[in-house]
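Single-structure report; data block below.
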Amino acid sequence: MIRVRQIKIPILNDNEKYLKNEISKKVKTNSFEVVKILHKSIDARNKENILYVYDLVIDVNEKNIKYNDNILKYEDINNKFAITGKNKLNSSINIIGLGPAGLFCGYVLTKLGYKVNIFERGKCVEERKIDVENFWNNNKLNINSNVVFGEGGAGTFSDGKLNTNIKGNDDYINKVLSIFVENGANKEIIYMNKPHLGTDALFEIVKNMRNKIKENGGNIYYNSVLTNIYFENNKLTKFEINNKDIYNADFLILAIGHSAKDTFKMLYDNNIKMTSKPFAVGVRIMHDQKLINENQYGKFSKYLPNAEYKLTYSSKNKKGVYSFCMCPGGYVVNSSSEEGYLNINGMSYSLRNSGVANSAIIVSVNEKDYGMKPLDGIKFQEDLERKAYNAGKGFIPVQTYKDFKNNQITKTSLNELKIKGKYNYANLNDIFPKYICDDLKEAIDYFNNKIKGFNHEDVVLAAVESRTSCPVKFLRDENMQSNISGLFVIGEGSGYAGGITTSAIEGLKMAKYITDNYKN
Ligand SMILES: Cc1cc2nc3c(=O)[nH]c(=O)nc-3n(C[C@H](O)[C@H](O)[C@H](O)COP(=O)(O)OP(=O)(O)OC[C@H]3O[C@@H](n4cnc5c(N)ncnc54)[C@H](O)[C@@H]3O)c2cc1C
C-alpha cells in the first residue's frame with residue numbers, strides 16, 4: 001500500500017471517476033484500489049478555482065512506483081493500547097471530571113478491565129441538558145450543572161470543532177477520532193481537514209461512551225465535587241467528595257477543566273504547585289454567514305459548507321488580537337457557572353444552519369495585565385465577568401459595533417440575535433480596561449481588510465469571552481504527575497491542553513502511562 005498526497009480536484013468535479021483519474025496520472029498506472037482517505041481539505045486561495053485536496057492510501061503493485069514527496073510508502077498507525085505494566089495498583093483508578101480528558105481516559109481503561117471510579121460535580125448529560133436549557137430560557141443557573149460543568153464537560157454544548165494544533169501526535173489524534181466514530185460520530189471526521197461534530201451529535205456520543213464505561217465495570221458518581229485532598233510525605237493518601245465523603249487512594253487523576261476555580265483555590269491552599277498562565281479575553285462578534293461564505297469562497301460558496309475564518313492582528317499596544325473558536329452557522333451562548341458572573345462562548349448544531357457566523361475576537365493578557373501570583377489571572381477573569389454581569393443586568397450584554405466605537409448603549413432594537421440565553425443592551429466599554437477596548441476596535445477595523453463588511457456599524461458584539469484557556473498551569477512531570485506523588489493533572493485544567501481533541505489526547509496519554517506501568 002502506498003500513500004498519495006496532494007491530489008487536487010476542482011470542487012465541481014468531486015467524484016470517484018475524476019479522483020481515480022488524477023491518482024492514475026500521478027502513479028502512472030490504472031490498476032490500483034483506493035483503500036482509505038487520510039485527509040481531505042479545501043484550498044480556496046484561488047477563488048476562481050477552489051479545490052479539494054486529497055491525501056489517500058491506495059493498494060497497488062509497488063514494483064514500478066517512483067517514490068517522491070507526494071508518493072510515499074504507507075504504514076498503518078497501530079493505535080492499540082496494550083497492557084505491559086507489571087506493578088499492582090493498591091486502589092482503583094480515581095478520575096475527577098467527565099470532560100473529554102476524564103471521559104477518554106476512563107473509556108480506554110475500563111475497556112481494558114481496569115477498576116475506574118469517576119467523580120463528576122455535574123449531572124448526567126440528559127439531566128444537564130434540562131438545566132442548561134432552563135438557564136438559557138429562564139436564567140435559572142445551576143452552579144454545578146451548566147455549559148461548563150456536567151457529564152461530557154465544557155465541550156458538550158459546543159461547536160464540537162475537533163481540529164488541534166499539536167504536532168507529532170497523529171496516532172493519538174487518530175485514536176480520538178476513531179473513538180468518536182465508534183460511538184456514533186460521522187466517519188468523515190477521520191479525514192476532513194476541520195472536523196466538527198456539533199452539540200446534537202456530541203450529546204449522543206457522550207451518552208454512548210458513558211454507557212460503555214458502565215458496561216465495562218466503571219463507576220460514575222454524579223453530583224460529586226472534589227472538595228479536598230490529603231497527603232503525607234508528598235504522597236497522596238485520601239481525597240474528599242462533597243465536603244464529607246473520604247476515599248483512601250494513592251492514585252487520583254484531576255481532569256477538572258478550565259472553569260473549576262473553587263478547586264484551583266483548594267489545590268493552591270494545599271500547596272499543589274501552579275503558576276498563572278497567559279490567556280485571552282474579549283467579545284464575540286456576529287455576522288451574516290452568507291457574508292463570510294462569499295468572502296471565503298466567492299461564486300463557489302453555494303457548493304461548499306459554511307465557511308470559517310482565522311484572523312490575527314498585532315495592536316499598537318503590542319498585544320496579539322485574534323479570532324478564536326469561530327462557529328459557522330452557530331449561536332453565542334451564556335456559559336456562566338457562578339451567580340453574579342457572566343461569560344459567553346459559542347456553539348453550533350451539526351448542520352451549522354443558524355444563518356449567523358460568530359467568533360470570539362480576543363486580546364492576549366498575561367502577568368503584566370494582572371500580576372504574578374498564581375491565582376491573579378483568575379481574579380482578572382472574575383473582575384471582567386462581574387462587570388459583564390452588571391453591564392447586562394444579569395443578562396448577556398450586547399451592543400452594535402457603531403455604538404461600541406461611540407461609547408454609547410445601543411437604542412435600536414436588535415431582533416432575532418442567534419444567542420442562547422437572555423441579553424440586554426449595554427456599553428461593552430464599561431467591562432474592559434480602555435487599552436483592551438482600543439485593541440479590539442483597532443483589530444476589528446483591520447479585519448475589514450480581510451473580510452469586507454467585518455466592521456459594519458450594525459454588526460453586533462456580545463461580552464465577555466473570558467474562558468478561552470486555563471488561567472493557571474500546574475507544575476507536573478513527564479507523566480503528568482504533580483508535585484504530590486499519585487496526584488496527576490490532565491486536560492485543559494492542567495494548563496497544558498486546550499480544546500476537545502487535545503484534552504482527550506491527554507486522557508489517552510494518561511491511560512497509556514497506566515497500561516505501561518500497572519496491570520489491570
Ligand atoms: C461553549 C464552549 C464551546 C467550546 N467549543 C469548542 C470546540 O468547538 N472545539 C474545541 O476543541 N473546544 C471547544 N471548547 C473547549 C473544550 O470544551 C475544552 O477545551 C475541553 O472540554 C476541555 O476538556 P477537559 O476534559 O480538560 O475539561 P472539561 O471539559 O472542562 O471537563 C472538566 C469536568 O470536570 C468537572 N469538574 C470540575 N471541577 C470538579 C470537581 N471539583 N469535582 C468533580 N468534578 C469536577 C466539570 O464538571 C467538567 O465536567 C469549548 C468550550 C465551551 C465552554
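I need the full set of residues from the stretch 254-286 which are in a strand (DSSP E or B) and either more than 11 Å from the ligand (Cβ to nearest atom) or of a type in the set (Ser, Thr, Tyr) (or both), in order please.
If the condition is that a residue be in a strand (DSSP E or B) and either more than 11 Å from the ligand (Cβ to nearest atom) or of a type in the set (Ser, Thr, Tyr) (or both), then MET274, THR275, SER276, PHE279, ALA280, VAL281, GLY282, VAL283, ILE285, MET286 are the ones that fit.
Look at the stretch 470-486 and say how many of its residues are out of contact with any Asp or Glu (no Cβ under 7 Å at 6 or more places or on another chain), assigned to a loop (DSSP other than H, G, I, E, B) and either of a type in the set (Ser, Thr, Tyr) or under 19 Å from LEU375 (Cβ atoms) (or both).
6
Step by step: first the residues of the stretch 483-494, then only those that are touching a strand residue (DSSP E or B) at 6+ places or on another chain (Cβ under 9 Å) and open to solvent by 10 Å² or more (accessible area, probe 1.4 Å), then the one that is nearest to the ligand (Cβ to nearest atom). Which residue is that? Lay out the reasoning, then the answer.
Of the stretch 483-494, the ones touching a strand residue (DSSP E or B) at 6+ places or on another chain (Cβ under 9 Å) are 483-491, 493-494.
Going one step further and asking which of them are open to solvent by 10 Å² or more (accessible area, probe 1.4 Å), we end up with 483, 485.
On the way: ASN483: 19, SER485: 21 Å.
Going through the qualifying residues, I end up with ASN483.
Taking interchain pairs and intrachain pairs at least six residues apart, which have beta carbon atoms under 7 angstrom, with the first residue in the stretch 317-345 and within 26 Å of LYS368 (Cβ to Cβ) and the second part of a loop (DSSP other than H, G, I, E, B) and aromatic (Phe, Trp, Tyr)?
Here the result reads SER323/TYR309, each pair linking the stretch 317-345 to a residue that is part of a loop (DSSP other than H, G, I, E, B) and aromatic (Phe, Trp, Tyr).
If I filter the stretch 495-520 down to residues being farther than 26 Å from THR156 by Cα and outside any helix (DSSP H, G or I), which single residue comes out as farthest from the ligand (Cβ to nearest atom)?
LYS519
Just give me the residues in the stretch 193-216 being open to solvent by 50 Å² or more (accessible area, probe 1.4 Å), away from the ligand (no atom under 12 Å from the Cβ) and in contact (Cβ under 8 Å) with a residue 40 or more places away in the chain, in sequence order.
Across the stretch 193-216, the qualifying residues are ASN193, ASP200, LYS212, ASN216.
Contact list please: Cβ distance under 8 Å, first residue in the stretch 235-253 and more than 11 Å from the ligand (Cβ to nearest atom), second residue assigned to a loop (DSSP other than H, G, I, E, B) and of a type in the set (Phe, Trp, Tyr), pairs at least six apart or on different chains.
LEU236/PHE251
Which fully enclosed strands (runs of 3 or more DSSP E) of the stretch 1-77 have 1 or more residues being loosely packed, with under 13 Cβ neighbours inside 10 Å?
Once the strands (runs of 3 or more DSSP E) in the stretch 1-77 are filtered for at least 1 residues that are loosely packed, with under 13 Cβ neighbours inside 10 Å, what remains is 2-10, 32-43, 71-73.
What's the number of the only condition in (1) out of contact with any helix residue (DSSP H, G or I) (no Cβ under 8 Å at 6 or more places or on another chain); (2) closer than 30 Å to LYS316 by Cβ that ASN343 fails to meet?
Looking at each condition in turn, ASN343 falls short on (1).
Checking ASN248 against (1) touching a helix residue (DSSP H, G or I) at 6+ places or on another chain (Cβ under 9 Å); (2) open to solvent by 70 Å² or more (accessible area, probe 1.4 Å): exactly one of these is not met. Which one?
The number of the failed condition is (1).
Is one or more of the residues making up the stretch 443-459 within 24 Å of SER336 (Cα to Cα), open to solvent by 20 Å² or more (accessible area, probe 1.4 Å) and of a type outside the set (Ser, Thr, Tyr)?
no
List pairs: first in the stretch 286-300 and open to solvent by less than 40 Å² (accessible area, probe 1.4 Å), second basic (Lys, Arg) and not in a strand (DSSP E or B), Cβ under 6 Å, 6+ apart or cross-chain?
Short answer, once both residue conditions are applied: GLY298/LYS47.
Going by the structure shown, is LYS140 assigned to a loop (DSSP other than H, G, I, E, B), basic (Lys, Arg) and more than 8 Å from the ligand (Cβ to nearest atom)?
yes
Quick check, is TYR435 modelled with pLDDT of 95 or more, open to solvent by 20 Å² or more (accessible area, probe 1.4 Å) and under 27 Å from the mean Cα position of the chain (by Cα)?
It is false that TYR435 is modelled with pLDDT of 95 or more, open to solvent by 20 Å² or more (accessible area, probe 1.4 Å) and under 27 Å from the mean Cα position of the chain (by Cα).
Checking ASN343 against (1) farther than 24 Å from LYS129 by Cβ; (2) open to solvent by less than 10 Å² (accessible area, probe 1.4 Å): exactly one of these is not met. Which one?
For ASN343, the exception is condition (1).
Answer yes or no: is there a residue in the stretch 157-176 that is surrounded by fewer than 19 Cβ atoms within 10 Å (Cβ to Cβ), near the ligand (Cβ under 9 Å from one of its atoms), under 17 Å from the mean Cα position of the chain (by Cα) and farther than 17 Å from LYS420 by Cβ.
Yes, the stretch 157-176 contains a residue that is surrounded by fewer than 19 Cβ atoms within 10 Å (Cβ to Cβ), near the ligand (Cβ under 9 Å from one of its atoms), under 17 Å from the mean Cα position of the chain (by Cα) and farther than 17 Å from LYS420 by Cβ.
The values are calculated or read from the model by the stated rules, or taken from the named source; none is laboratory data. Since we're looking at a predicted model, the values are computed, not measured. All Cβ positions, even for glycine, are placed from backbone atoms using ideal geometry, and neighbour counts span all protein chains on display. The area values use the complete protein model at the heavy-atom level, side chains included, leaving out ligands, DNA and RNA. Shrake-Rupley method; radii C 1.70, N 1.55, O 1.52, S 1.80 Å.
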